[in-house]
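The values are calculated or read from the model by the stated rules, or taken from the named source; none is laboratory data. Fair warning: this is a prediction, and the values are worked out from it, not measured in the lab. Heads up, the Cβs are rebuilt from the backbone with ideal geometry, glycines too, and the neighbour counts pull from every protein chain shown. Accessible surface areas use protein heavy atoms only, side chains included; no ligands, DNA or RNA. Shrake-Rupley method; radii C 1.70, N 1.55, O 1.52, S 1.80 Å.
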Amino acid sequence: MTTPGIGPDENLWTAAVRRNPEHAAGYAARWKRLAAAGQDLDGEARLIDAMAPRGSRILDAGCGTGRVGGRLARAGHEVVGVDLDADLIEVARVEQPRGRWEVGNLAALDLVDDEGRRELFDLQVCAGNVLTFLAGAERRPALAALASHLADEGRLVVGFGLDRGYAIEDFTADAAAAGLVLAQRFSTWDLRPAADDFLVGVLERV
């Protein structure tokens, strides 16, 4: 039996950085190596772009170096990226100048415009196992914060390995507590049928 909200006691990313202060730099360098080797790094962005009318407002939640959001910004969307790691955000600001990149914890996400109004997004993408890095106590607040930044009929698309300590039953329970429902479920970013190893999920507000 699974228990909603159970997860790592601390954020796994911050724990990795504490153990190795060069962790973020190594992460950024890895993506550069993959790109130089000709690897396809745009699968997530292609799906989100296909779901979004041109010029959509898109939130890249846990954006890292801006790999996904940067591609979407170049496709003509208005992209805001948020990540906990200031070093990764600095890389995104240098390498992906068309997007807007902010340091922030998804569990306390509160984006407002110049007039103090909450920013809303047509689509949100949370790729790269971001949700599995969150501490158990951060998961529901993060999903609730993301839900609060969805525009009317907006959608949140998440992707993470189901072998990384966040069972599908726990995730759907956390999503429900945040006012979200898993409307569609796949196993890959090119929309293969659902499987037990990886989740690509499209969530909507209840």
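Only a single item in (1) aliphatic (A, V, I, L, M); (2) within 22 Å of G69 (Cβ to Cβ); (3) in contact with a Gly (Cβ under 8 Å, 6 or more places away or on another chain) is not met by L182, and it is number (2). Among the criteria (1) under 17 Å from the mean Cα position of the chain (by Cα); (2) of a type in the set (K, R); (3) open to solvent by 60 Å² or more (accessible area, probe 1.4 Å), the one R98 does not fulfil is (1). Tally the residues that are open to solvent by less than 20 Å² (accessible area, probe 1.4 Å), farther than 22 Å from R139 by Cβ and not in a strand (DSSP E or B), restricting the search to segment 63-88. Of the residues in segment 63-88, 6 are open to solvent by less than 20 Å² (accessible area, probe 1.4 Å), farther than 22 Å from R139 by Cβ and not in a strand (DSSP E or B). Checked against the criterion of being in contact (Cβ under 8 Å) with a residue 24 or more places away in the chain, surrounded by fewer than 21 Cβ atoms within 10 Å (Cβ to Cβ) and part of a loop (DSSP other than H, G, I, E, B), segment 141-158 has no qualifying residue. Starting from residues that are part of a strand (DSSP E or B) and open to solvent by 10 Å² or more (accessible area, probe 1.4 Å), keep the ones in segment 116-140 and report whichever is farthest from N105 (Cα to Cα). Going through the qualifying residues, I end up with D122. Check off (1) in a strand (DSSP E or B); (2) of a type in the set (D, E, K, R); (3) modelled with pLDDT under 95 for D60 and give me the number that stays unchecked. Result: D60 fails condition (3) only. Applying a threshold of 9 Å to beta carbon distances and a minimum spacing of six or more residues, or different chains, the list of pairs starting in segment 175-201 at a residue that is open to solvent by 50 Å² or more (accessible area, probe 1.4 Å) and ending at one that is of a type in the set (F, W, Y) reads R192/F186; P193/F186; A194/F186; F198/F160; F198/F186.
Pairs are defined by a Cβ separation below 6 Å, a sequence spacing of at least 6 or placement on different chains, a first member in segment 22-50 that is closer than 13 Å to V157 by Cα, and a second member that is of a type in the set (K, R); the pairs so defined are A45/R71. Taken as a whole, the structure places L12 among residues that are hydrophobic (A, V, I, L, M, F, W, C) and open to solvent by 30 Å² or more (accessible area, probe 1.4 Å). Tallying residues that are open to solvent by less than 10 Å² (accessible area, probe 1.4 Å) and closer than 19 Å to F133 by Cα within segment 29-62 yields 3.
Considering the conditions (1) in contact with an Asp or Glu (Cβ under 6 Å, 6 or more places away or on another chain); (2) in a helix (DSSP H, G or I); (3) closer than 17 Å to F121 by Cα, A24 is excluded by exactly one of them, (3).
For L120, indicate whether it is closer than 24 Å to Y166 by Cα, over 12 Å from the mean Cα position of the chain (by Cα) and either of a type in the set (S, T, Y) or at pLDDT 95 or above (or both). Explain how you work it out, then say what you get.
On the way: closer than 24 Å to Y166 by Cα: no; over 12 Å from the mean Cα position of the chain (by Cα): yes; either of a type in the set (S, T, Y) or at pLDDT 95 or above (or both): yes.
Answer is no for this residue.
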